[in-house]
1. Quantify how strongly other chains surround peptide A:380-388 by giving the mean number of their Cβ atoms within 10 Å of each of its Cβ atoms.
2. At a 1.4 Å probe radius, carbon and sulfur cover how many percent of the accessible area of the protein assembly as shown?
3. At a threshold of 8 angstrom on Cα-Cα distance, excluding pairs fewer than six apart, so keeping six or more, what relative contact order does region A:18-129 reach in percent?
4. Hull surface divided by four, with the convex hull built on the Cα atoms of chain A: how many nm²?
5. Under 14 Å from a point placed 7 Å out from the Cα of A:E380 along the Cα-to-Cβ direction: which residues of region B:1-19 have their backbone N that close?
6. How crowded by other chains is B:21-33, given as the mean number of beta carbons from other chains within 10 Å of each beta carbon?
7. Students often check this: by mean Cβ neighbours within 10 Å, which of A:165-175, A:283-293 ranks highest, and how do the rest follow?
8. Which values of log₁₀ I(q)/I(0), to two decimal places, follow from the Debye formula for region A:553-604 at q = 0.14, 0.21, 0.23, 0.24 Å⁻¹ with a uniform point scatterer at every Cα?
Amino acid sequence: MYSLSYNALIISFILTFYGIFIAISSSLKKKYNLLESAYNTFIAIFFLTTFSVILLIRGFIADDFSLEYVALHSNRALPLIYKISALWSGQEGSILFWTWLLLLYSIIMIASYKKKYLELMPIVCATLFVISNFFLSLLLFPANPFRILKEALPDGQGLNPLLQDPGMMLHPPTLYLGFVGFSIPFSFAVASLITGNLDITWIKATRTWSLISWLFLTIGIILGAKWAYIELGWGGYWAWDPVENASLIPWLTATAYLHSVIIQEKKNMLRVWNMILVVSTFFLCILGTFITRSGIISSVHSFTESSIGSFFLIFLSFILFFCGALIISKLDQIKGKERLESFLSRESSFLFNNLLFVALAIAVLWGTLFPIISEAITGEKITVAAPFFNKVASPLAFLLLLLTAICPFIAWRKASAKRLLLNLTYPIILSVIITIILLLLNINSGWVIAFAFSIILLGSSIVIEFYKGTKARQSIKKENFIQAFFKLIIKNKRRYLGFIIHLSVAIIFIGIIGSSFFNEEKEVILKKGQSTHFGKYIIKYNHLFIQSDSNKSSVRAVLDVYASDTLLTKLYPGKNFYITSEQPMTEVGIYSNWKEDLYTVLVGWEEDETASFKFFFNPLVNWIWCGAAIMIITTILLLL
Amino acid sequence: MKAQIIIPIIILISVVSYLIISSVKTTMVYYYTVSELYAQLPDFSCRVNGKVVKNTLKHLPNTFDYYFEITDGKKKLPVQYKGVVSDIFQEGIEVVAEGKYDKNKKIFIAQSLLTKCPSKYESKLDNKK
């Protein structure tokens with residue numbers, strides 16, 4: 001039965017070659033029926049791949065432990081929902097899932113654009129066939145999901161307990177929807193370059209796709225951070241680990257791209273830059289996957305080194321040289337005729353915004369690849385960790401926040417500094433007041449002050465923009481304030497929902513600054529019934545208790561949390577022991593409110609129930625999740 | 001007008017390059033295998049990786065103190081660590097310890113301990129068809 005699914009993949013692989021050939025023929029001969037054949041090829045491959053996916057999922061649901069992949073990632077007692085999500089829990093299955101998503105995106109795109117963009121579609125299809133060809137080659141050779149065991153196991157090894165969590169379940173699919181999604185704008189850019197149709201068409205065609213991909217990538221990164229915070233129990237949400245960075249770097253260039261396309265749409269500028277950005281974003285998505293899967297950089301999420309790395313390197317080199325050559329050879333045709341007129345203009349502020357995002361992406365990439373580079377050049381392996389990334393990210397993030405604050409007040413083409421400062425008077429005054437208050441409260445860390453200033457500037461400038469806009473609308477239409485406010489947003493969604501997204505960034509940074517500069521931790525050993533102070537809290541450790549079911553057993557500590565003599569809550573930090581896993585899993589006990597998190601970890605215990613704990617105090621951390629939710633919801637509204 | 005744009009861009013690039021280079025200089029940490037550590041005997045803080053040697057892990061009850069040896073297959077290094085260990089931490093697991101090597105006591109004093117997740121993608125079964 002599984003030879004059927006493997007054969008389906010072989011046929012799909014062969015069909016991609018046909019697809020590339022027919023799509024290119026369609027472009028050269030300008031014949032639509034050949035393009036239709038390419039479309040049908042996508043449909044055929046999609047069904048074949050779906051068939052393979054269904055067979056693999058069936059293997060999980062039926063507890064078929066003759067299939068190596070199922071035996072490695074599932075067991076009988078695993079809840080059904082996790083048996084299905086185990087599909088993307090390992091190398092082979094996740095690549096199959098990625099491939100399926102790529103084909104799904106392709107046929108949705110074809111269905112929506114059937115007879116539109118006919119000049120570009122042939123090469124768009126050819127490019128997507130090439131990408132599909134690469135991923136199918138992985139499935140056929142180094143990453144076959146349908147390897148059969150000589151002897152079926154009686155029960156599987158089970159799913160890594162860390163993955164048995166709703167957030168973790170969704171984290172890979174949302175990330176893949178993001179990474180894979182950028183294949184579409186990339187393919188349109190390549191089609192644009194090859195056909196010489198270099199105007200706004202390719203950007204207009206992919207505007208929604210880019211935003212959707214960015215949205216999924218954002219959701220994936222936030223889910224990863226929230227999951228790390230809740231499940232891993234080290235008290236933090238971002239470690240600048242290579243795998244985390246692998247998802248952040250394309251997100252940074254994608255965010256830059258979302259901004260710079262606005263300039264090309266409005267002023268026909270930054271055309272070469274946009275080409276380079278979209279190709280880079282796609283390249284970085286594949287590079288990120290390569291870093292994650294090849295084990296090339298030792299990270300805490302290390303994966304096995306296998307031949308899959310070589311496949312990726314070949315594909316990455318191909319993209320780099322092919323697209324690089326294309327862009328360089330067509331440079332004069334891509335360039336627009338318009339030029340930036342002034343250093344102080346809306347156009348240039350977008351360019352500087354882009355430069356900062358790209359600078360941050362390069363810095364994070366440099367730090368991530370540094371161990372490989374240093375070993376290759378000096379023979380010694382040198383690593384950089386969180387301190388490096390925080391050091392480079394702080395000034396760049398600060399400048400970005402400042403730029404975000406002042407940009408709406410900078411006029412197109414040529415702005416005057418005087419007008420700019422005039423418009424910003426109230427925000428600047430408010431920001432200065434807040435920073436003085438902070439200094440008086442004895443908060444004198446340079447970065448906290450700098451960020452506080454820029455965050456307040458950003459928040460107040462956005463409020464003023466909304467106020468001005470609503471009032472302006474009110475003076476023309478006879479609407480009350482609320483009506484005018486909502487109509488203002490609806491009539492210019494990109495601008496005003498964009499402002500709300502910027503506001504959510506400010507909120508997220510309030511959370512980041514609070515939890516990074518004002519956090520505390522404490523390690524303590526407590527006997528049964530003993531209490532300890534932690535900040536303003538008094539924590540009383542009562543005793544341990546044990547629970548078990550067919551999948552796992554757990555040990556939990558009962559903690560009473562007091563503040564000024566009132567019992568605030570009871571927390572139950574502990575550890576889960578899964579039947580199939582050698583290692584325990586930490587369950588943290590968190591007391592959350594808008595001001596802070598009290599985060600408790602049960603580290604260990606002795607027979608007399610004397611237990612060791614670690615407590616964390618994370619101020620303002622929930623502002624991060626709140627801001628992220630606003631960002632995501634607003635982007636969805638923007639797409640509707 | 002072109003100079004107006006090019007010059008600030010060059011300044012930005014220079015500043016960012018300086019930022020990256022100086023940040024690397026001040027935060028970089030050498031990464032050694034056990035044998036390389038013995039060969040270099042560094043005075044400064046560094047990282048060492050190795051597998052926790054069986055029957056060497058000692059955890060004093062009711063403390064956060066751990067003592068164990070790590071190896072790269074060739075040499076063994078005693079490590080002392082005070083703090084919280086991750087759930088995966090056990091004998092046989094690969095770790096990265098960051099800290100200083102005490103030449104007098106001939107022991108590595110670790111300030112932080114990273115454990116490597118056992119490979120998700122490695123096949124642990126050897127009865128493949």
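1. On the way: counts 5, 8, 7, 9, 6, 7, 1, 5, 8.
Partner-chain Cβ atoms within 10 Å, mean over residues of A:380-388: 6.
2. Details: 21540 of 33420 Å².
Here carbon and sulfur together make up 64 percent of the probe-accessible area.
3. Working: 93 pairs, mean separation 43.4, N = 112.
Averaging sequence separation for qualifying contacts and normalising by length gives 39 percent for region A:18-129.
4. Details: hull surface 134.4 nm².
With the hull built on Cα positions only, its mean projection is 33.6 nm².
5. Within reach of a label on A:E380, which here means backbone N under 14 Å from a point 7 Å along Cα→Cβ, region B:1-19 contributes nothing.
6. Values: counts 1, 2, 13, 10, 1, 4, 11, 10, 8, 5, 8, 2, 1.
Partner-chain Cβ atoms within 10 Å, mean over residues of B:21-33: 6.
7. Details: A:165-175: 19.3, A:283-293: 23.2.
Per-residue Cβ counts within 10 Å, averaged per peptide and sorted highest first, yield A:283-293, A:165-175.
8. Values returned for q = 0.14, 0.21, 0.23, 0.24 Å⁻¹ are -0.42, -0.76, -0.85, -0.89.
The values are calculated or read from the model by the stated rules, or taken from the named source; none is laboratory data. Keep in mind that this is a model prediction, so the values were computed, not measured. Cβ coordinates were reconstructed from backbone atoms using ideal geometry, including for glycine residues, and neighbour counts include every protein chain displayed. Accessible surface areas use protein heavy atoms only, side chains included; no ligands, DNA or RNA. Shrake-Rupley method; radii C 1.70, N 1.55, O 1.52, S 1.80 Å.
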